[in-house]
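Q: Have a look at the structure that comes next, please.
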Amino acid sequence: MTLLNVDAAIPSQTWALVRLLTNWGKSIVMEEARALVSPPSLRTEDTSTRHPFDCAVASLQALGLVQVSTGQQELSLTEPARDLTGSDDLETYTRILRRAVLKADYNKNLGVDNDATGPKDLTRALAWFLMHDPMERPIDWVAAQQLLDQEDGKDRKLLKDEVLPLFPNDTRWPRFGYWATALGLAAAPVFRTDGRGPLMTDCTLAVRQSVLELWQSGQRVNAVEALQMLREHLPVLPGGAHSLAVGLPNPGDSVAGTALSFALLRGHDEKWLRLEQDDDARRILLLHDPERPGSPRPISDITILEPTDG
């Protein structure tokens, strides 16, 4: 099972099934779950494609979030998904889903070849996508092909040859869009009309959720240490393990890169963190600031603020 192929589920389909299991509170017979999630009256007669319910089960199994008993074919949540507090807890599910997709065990040998089992195809695409500046033009499938072609030269080689192609056809791009936005690692323009449209490399949601998981409100952390921990938590960020595995360059141990810089600056503006600069600090993080593109913005510390709604 791969996440960008047409026989895999999209995130909303997995959420529908997880909501049912969370609300049910115990294991449920497979056919009963199918009837509740996808009643016969809503089913299509088309047998040429795999049923969305089966896709959701297979994708969640591949990510280790549900299990199916071999005897009575009962479906139940696994331990990682049991952190959900209710069937409307979408924010927690986003974190659980993202953690599963980026899990190291599911992304072994990521840069050795273009094996697409599990979430590997999605992980590689996310790492490449997050190399790009959120302030530049949003990327659609055509732009993605153009960028990949431009980056294939000797002087600007980004990805390893072994992991290409990322998007061999345009059917994978919409599925990438569904997953990237659901995981908080991309954003769609307000007036996007369909799944084939452009995406912005805005990972603010994932960074915000990670910040609030890693540190307590009021805590002040050195900005370079924060960079290291965010890269461990979100290894598709430039400089993270998954990004490096596919051959993408490391911006530096004290350089955030454009996508993470954008998210941290948004966090400062939205007041869920505060970026601070101590002139006497020994360790300085450099942010890419669109208002001063020729001169990186130095940050010594990050203070976590009380989260607000929105």
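Q: Among the residues of segment 41-51, is any at pLDDT 90 or above and either in a loop (DSSP other than H, G, I, E, B) or farther than 24 Å from Arg172 by Cβ (or both)?
A: Looking through segment 41-51, none of the residues is at pLDDT 90 or above and either in a loop (DSSP other than H, G, I, E, B) or farther than 24 Å from Arg172 by Cβ (or both).
Q: Hey, could you check segment 261-280 for residues that are within 30 Å of Lys160 (Cβ to Cβ) and in contact (Cβ under 8 Å) with a residue 60 or more places away in the chain and say which is nearest to the chain's Cα centre (by Cα)?
A: Looking at the filtered set, the residue picked out is Ala263.
Q: Assess whether Leu285 counts as being in contact (Cβ under 8 Å) with a residue 60 or more places away in the chain and either outside the structural domain of Met131 (by TED's automatic domain parsing) or over 16 Å from Gln209 (Cβ atoms) (or both).
A: yes
Q: From the list Leu122, Leu84, pick out the single residue that is assigned by TED's automatic domain parsing to the domain that holds Thr22 and either of a type in the set (Ser, Thr, Tyr) or in contact with a helix residue (DSSP H, G or I) (Cβ under 9 Å, 6 or more places away or on another chain) (or both).
A: Leu84
Q: What do you reckon, is Val207 in contact with a Leu (Cβ under 7 Å, 6 or more places away or on another chain) and surrounded by fewer than 21 Cβ atoms within 10 Å (Cβ to Cβ)?
A: For Val207, the condition - in contact with a Leu (Cβ under 7 Å, 6 or more places away or on another chain) and surrounded by fewer than 21 Cβ atoms within 10 Å (Cβ to Cβ) - is not met.
Q: Please identify the pairs in which a residue from segment 223-249 that is assigned by TED's automatic domain parsing to the domain that holds Ser261 and under 20 Å from Arg283 (Cα atoms) has its Cβ atom under 7 Å from the Cβ atom of a residue that is among the β-branched types (Val, Ile, Thr) and assigned to a helix (DSSP H, G or I), counting only partners at least 6 apart or on another chain.
A: Close Cβ pairs satisfying both conditions: Leu230/Val207.
Q: Can Lys108 be described as surrounded by 14 or more Cβ atoms within 10 Å (Cβ to Cβ), under 26 Å from Leu164 (Cβ atoms) and either among the basic types (Lys, Arg) or at pLDDT 95 or above (or both)?
A: In short, no.
The values are calculated or read from the model by the stated rules, or taken from the named source; none is laboratory data. Predicted model, so just to flag it, every value in this text is computed and none were measured. A quick note on method: Cβ atoms are made from the backbone with ideal geometry, for glycine too, and the neighbour counts reach across all protein chains shown.
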